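Taken together, the values in this text are just the output of simple stated rules run on the coordinates, not laboratory data. These figures come from a predicted structure and were not determined experimentally. Every residue, glycine as well, gets a Cβ built from its backbone with ideal geometry; the counts of neighbours run over all protein chains shown.
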Amino acid sequence: MQSLTAEAFGRARDYLMASGRPLEQARFKYLFEDGSLDEVTAALATYQNPDGGYGHALEPDALTPTSGALATSVGLRVLSDTGATADHEQVRGAVGYLLATLDPEEKVWRIIPADANDYPHAPWWTDENDDLRERFGAYEVNPRAELVGQLHTYATLVPADLLDDLTERTIACIEAGEQEEHALICAVRLAESKELPARYRDRLAPRVRELVVQVAGRDPAAWGEYSPQPLWYISAPDSLCAADLAGAMQANLDFLIAQQAEDGSWKPTFNWGGMYPDDAPKSERDSASRLTYNALAQLRAFGRIEGASG
């Protein structure tokens, strides 16, 4: 079992401080150096729009400034990770945005803004004749499951009957069939939401565990490409699916450590395929910033950084 050495950790820190986004810099300081919530939320605020939603390439693969559900899920994840409560201005704004933009008939959120085509974006976000909706399963699990989990975190801001309806609909979709690898990440996050009532968790958790065992790849030879692997679904030792994939999870952590680049970062294993050559490099840098922070946070959670407490 390998650990990230103190020297390698130092290189990762140096990379973030020199080349990372201010958001990941603030999150690193909060997690490792007693930084403040205010520093994190100040950096996050630059991505929030007056309507309360987040945009402005908070999700680095879609450069539209317009608010969207995916970017707002990222923003709420940052806020909850740093302990922001329901009375925080950004939380109230983000939840208000979600309530205002929920499709009143389908009870889903469009994953990215309709104007994303008008701005530089990764090829998988191109929407032709509304085929994005089809490719993302009518948005019934991705992004809805994660967003519903976040609404449970801030349930005091959400009408109870609406939250129950959204939860029932989402769990029914997860139960109904197989789930695409990214939708499954959203399902895991719903199942792991600390404020999800037990009546929902007890129903959802077995199905999510079953799906993760089916989908998460165990072959290290495949992990170098963009493919589902245990750490996509397991964020900490007490994660829902940790016991189901214990051996593969430890091997995946070793693999994660080995993937650190010489400059201290973790690089994306995906690219824009030649689209928007003037903008893609910045997206790659922003993705590396986020991936580097995420790798350090995950390794810390598993006690895999020399000298760092979990």
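Stretching residue 33 away from residue 269 to a fully extended chain increases their span by 82.1 nm, per 0.36 nm per residue minus the current alpha-carbon distance. With both labels modelled 7 Å from their Cα along Cα-to-Cβ, the residue 130 to residue 14 distance reads 5.3 nm.
Evaluating kT/(6 pi eta Rh) at 25 °C and 0.890 mPa s, with the Kirkwood radius of the chain over Cα pairs in the Stokes-Einstein relation, gives 123 µm² s⁻¹. With N as its number of residues, region 47-215 has a Cα radius of gyration that, divided by 2.2 N^0.38 Å, comes to 0.98.
In Å³ and rounded to a whole number, note down the convex hull volume per residue for the Cα atoms of region 170-310.
140
Relative contact order of the chain: 22 percent, from C-alpha pairs under 8 Å at least 6 residues apart in sequence. Using the rule -39500 (n - 2.57) for each DSSP H run of four or more residues, divided by the residues of the chain, the 222 nm mean residue ellipticity is -16500 deg cm²/dmol. Across region 32-166, C-alpha contacts under 8 Å between residues 6 or more apart give a mean separation that, scaled by the residue count, equals a relative contact order of 23 percent.
Expressed in Å, the radius of gyration and Dmax of the Cα atoms of region 24-135 are 14.9, 48. For region 28-103 versus region 115-180, the inter-centroid distance based on Cα atoms is 17 Å. Setting aside same-chain residues fewer than 8 positions from residue 194, which lysines have a Cα under 26 Å from its Cα? Reachable lysines: 29, 107.
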